[in-house]
Amino acid sequence: MTAEGFERLHESVQYHIVNSLGWPGLRPLQRDSVLPVHEARDCVLLAPTAGGKTEAAVFPALSRMLQEDWGGLSVLYLCPLRALANNLGPRISRYAGYVGRRAEVWHGDTSQGDRKRIRKDPPDILITTPESVEAQLVSAYTNEELFFGGVRTVIVDEVHAFAAADRGWHLLAVLSRLEGLTGRPIQRIGLSATIGNPDQILKWLSPQRAEGLAPIVVNPKAAGPAAAELKLDYVGSLLNAARVISQLHRGEKRLVFVDSRQRAEEMGNELKRLGVDTFVSHSALGYEERRQAERAFSDAENCVIVATSTLELGIDVGDLDRVIQLDAPSSVASFLQRLGRTGRREGTTRNCTFLACDHSALLRAAALLELHGRGFVEPVIPPGKPYHLLAQQILAQILQHKGVSKASWMAGLETFIAQAALDAAAGSEVLDLLESRVQLAQDSGIYWFTEEGERQLGGLNFLDLMSIFTSESLFEVRYGNREVGKVDRVTFAMKGQSRALLLGGRSWRLLDIDWNRGIVQVEPTTDPGRSRWLGDGPEMSFEMAQAVRRIVCGQNDAAYLSRRAADALTDARRDFWWLQIGKTVIRDAPNGHMQWWTCGGTIANLRLAWSVGQLLDGVAASDDMSVTFPEGVTREDAMKAISSLRDSPVAFSSSAFRALAEKLKFYDTLPEARVDELCQARFERLEAVSHVLREPVSGVTDASGPA
C-alpha cells in the first residue's frame, strides 16, 4: 500500500491497517484526510454513508498521538446520540488498542463505577456528548484542568445534526471553554454525509485563528452511489402498514422509521401482535430497552426494528436489508441518512419503501422524493443569535467557577461569542436581569445563585443547567428495579386510559404511581396499553411546501408510485384542485373564513399571518400551506391586504414568533431587546415571504372546481 496519505501515517498505524484489518488500501476520503489532520487544520470531512469517515479522522489522529507523544486524554470524539457513541465505542477502542492506546465511552448511561475509573485513569480518546463534557466541567468530582488539559483534537460526528440546531451552539461554547482550559487552539474535525453547504458549515465550526493553516473541506470526488430502489405505497392506516410490514421481505432485517415515540410504540405493538420479532428504539426508553434494539442490528436476522430518529445518525447497521418509512421524514437530508442505512454490503442496493397512512403523508412523501430527484439537499443553517445559550453558559460558568463577576463571566467564552456574532454586552444584561429577579445575588461583585435561583434555574443538583432543552414532564416507569422507560404525565389523564402502558412495544400493567417522585411501578401484561408524549411536529420548509404544490398540480408521476399510491394521489389532487403553479390562491374555507393558499411553509406563513392580522386589525391563523384571514374579512379585503403587503411589507416584529421563542430553554433570562434580535435572526424568512408576495393571486370558488 503506497498511496499518498498512507505514507504519512505512523508506521504502527500503517502496520495494523494492512495486517490487522487486512485492508488493500485507504478509501479516497481516508487518503485525502491524512495530510490536513496531520497539519492540525480544522476540517470538515465528507463522504457518503459507509464511506469510512470515522477512520478518516481517527487513523491520522492516532498517528499524531504517536508521533507527537500525546499523553492522557488528547482526543474527544463527540456524538449527537448515545446510541451512536455505543455503536462506535468497540470500533474505536479496537483501533486505539492496536497501537497501545485506549478509548472509552462516557454519556448519561455510563455507570458511576465506570465514571470513577475513567476520572482516575483517563483514556486517550473519550467518546462522549457535548452535554457530558459540560457536566464534567462543572462536576465537583472532576478536576477539569487535569482531565481536559491535554485535549488536542475534537472530532464531531454528524456535524450537520449539531449545526442545524441549538445543540451546535452549545457544542461550540463547550469547545470555547475547553480551549480556555488548554491554553491553545483545539483542532476541530467535523464528519458528515449529508451537507448541502459544507463551506458554510466549516466556517461555522472553525473560529478565525491568528495562526495556523486555513481550514479545509475534504470532499474527494467519487463515483456516486448506484440508483436506490425507492417505492411509495399507500396503506391508509397504521394497522394496514403493520400488516404490510409483517408480510414484506420476510426473513430479512428491516428498519422501520416513524415520526414519534407514540407511533413507534403503536407500530411495535401491532407487529408483535402479528407474530413479528420486533424491537423498539426511541429516546424515552430505558437503557436496557434501547440496547436490545441496538444489539438487534448485529445479532438478529429475521426481525423488524421500529425507531424514531434515534437510529438515523451514523449507526453501523451491518447487514440491514430494508428501510421502511412510515409516512415521511421532515427533510431530504433526513431521508438520505435513513436511506444510507442500507446498501452497505457488497452486492446490495440502497432501498427505502414509504408507507403513507393518509393523503397528507402521501403528498409529503411524494414531494420529498421529487426534491431528492432534483438533487436538492437542504442547506444546514445554524439558528441565529443564540442569546439564550449565552445565558446558559453564564450560569454554567457560575457553577464551574463557584461564582463570576461582570469582569470574569466571559473568560473562555470569547471564541463562542465571536462565532455566534453575539453582543458581549448581553452578558451583563443577563446578570442584571437575574439579580433583579432575586435569582442571583452578588457579594463583593461575585454573582451566585440564590435559593430561589437554584430552584428555578438549576433544579436538582443543577442538572437542569446541563440540558439546553426544556425538560418534559416524564414519569419513570419501573419493572422492579429496572427502568423500562419514561412516559408523559398526560398518559394518566387520557380519556378512557386503561390500567396498562405501552413501552418497548409491550404492555405493562400499572401497579402504583408515586405522583411526588414521578415513578410508576409496572408488571408485564397482555392487556392493551397506551402511552403518550407531547411534542410539536417539525416545520415544513418553503422548498417542501413548493414541492407539494408541484405534486398536487400533476408535475410528477414517478415510477416509484405503487398502483395504490397512484390512485390515492389522484384522490388527493382532487381534494386540492384549486392549487396552481406560479400563483397563490384565495378561496372560501369550510369554516366561512377566507383562506390564502401560499405554499410558503411553516415559518413564512406565520409571518404572513401576523402581517395580514396587523393590516386587518384581527388575528390570522396559519399552517404549513395556507393563511386563514380573521373572521368577517371578505375576498376583496383579503386581496387588498395582500396587495398592500406586496407594495409596503409590514416591518418584522418578534410578536409573531413569541410562542416559538418561548419554547427555548433559558428564554426567560433574556432582556426584551435580545429576544427581538433572536427572533429576527431565526424567523424573518425574507426570501420565502418575498417569493410568495411576488406571485399573482388567483381567486377561486367551489363552483369553479371539478364536478
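Things to note:
- Footprinting exposure proxy for V585, V477 (fewest neighbouring C-beta atoms within 10 Å first): V585, V477
- Counted without the sites themselves, the longest stretch of the chain free of trypsin sites (Lys or Arg not before Pro) in a DSSP loop having at most 16 other beta carbon atoms within 10 Å is 518-662.
- At R0 = 45 Å, FRET efficiency that the Cβ-Cβ distance of D527 and D588 yields, to 0.05: 0.40
- Cβ-Cβ FRET estimate between S405 and K640, R0 fixed at 45 Å, reported to 0.05: 0.20
- Value of Rg/Rh across the stretch 387-466 [Cα atoms, Kirkwood radius]: 0.94
- Residues whose amide H falls under 5 Å from that of G286, counting only those 5 or more places apart or on a different chain, are G485, K486, with hydrogens built in the peptide plane.
- Other residues lying with their Cβ under 11 Å from the Cβ of L66 contribute a combined charge of -2, Lys and Arg counting +1, Asp and Glu -1.
- Counting neighbouring Cβ atoms within 10 Å and putting the fewest first, the residues Y667, Y95 line up as Y667, Y95.
- What the Cβ-Cβ distance of Q456 and Q208 gives, at R0 = 51 Å and to the nearest 0.05, is a FRET efficiency of 0.90.
- The amide H of A500, built 1.01 Å from its N in the peptide plane, has L510, R530 as neighbours under 5 Å, considering only residues 5 or more places off or on other chains.
- Helix-only CD estimate at 222 nm, as mean residue ellipticity for the chain, using -39500 (n - 2.57) per DSSP H run (n ≥ 4): -11500 deg cm²/dmol
- Net charge of neighbours whose Cβ lies under 15 Å from the Cβ of I642, counting Lys and Arg as +1 and Asp and Glu as -1: +3
- Near I127, the amide H atoms lying under 5 Å from its own belong to Y77, E104, V105, W106; only residues 5 or more places off or on other chains count, and H is placed 1.01 Å from N.
- Whole-angstrom gap from the stretch 379-447 to the stretch 542-577, using each part's C-alpha centre: 49
- Normalised by 2.2 N^0.38 Å, where N counts its residues, the alpha-carbon radius of gyration of the stretch 199-333 equals 1.33.
- Surrounding net charge for E39, when Lys and Arg each add one and Asp and Glu each subtract one, Cβ distance under 11 Å: +2
- Net length gained if the chain between W448 and D575 were fully extended (0.36 nm per residue, minus Cα distance): 39.7 nm
- Contact order for the chain, expressed relative to its length and based on alpha carbon pairs under 8 Å spaced 6+ residues apart, stands at 11 percent.
- Taking 0.36 nm per residue of separation and subtracting the Cα-Cα distance, full extension of the segment from R250 to E483 would add 80.7 nm.
- Shape index of the stretch 6-218: Rg/Rh, with Rg the Cα radius of gyration and Rh the Kirkwood radius from the inverse mean 1/r over Cα pairs, equals 0.93.
- Considering every alpha-carbon pair of the stretch 474-524, the percent of pairs per 5 Å bin, from zero through the bin containing the longest distance, is 5, 22, 37, 27, 8, 1.
- Alpha carbon centroid spacing (whole Å) that separates the stretch 96-159 from the stretch 640-680: 40
- Footprinting exposure proxy for E179, E288 (fewest neighbouring C-beta atoms within 10 Å first): E288, E179
- Viscosity 1.306 mPa s, 10 °C: Kirkwood-radius Stokes-Einstein D of the stretch 133-248 over Cα pairs, µm²/s: 88
A short reminder: the numbers here are calculations on the coordinates, not readings from a lab. Owing to the predicted nature of the structure, the values given are computational and were not obtained by experimental measurement. Backbone-built Cβ (ideal geometry, glycine too); neighbour counts: all protein chains shown.
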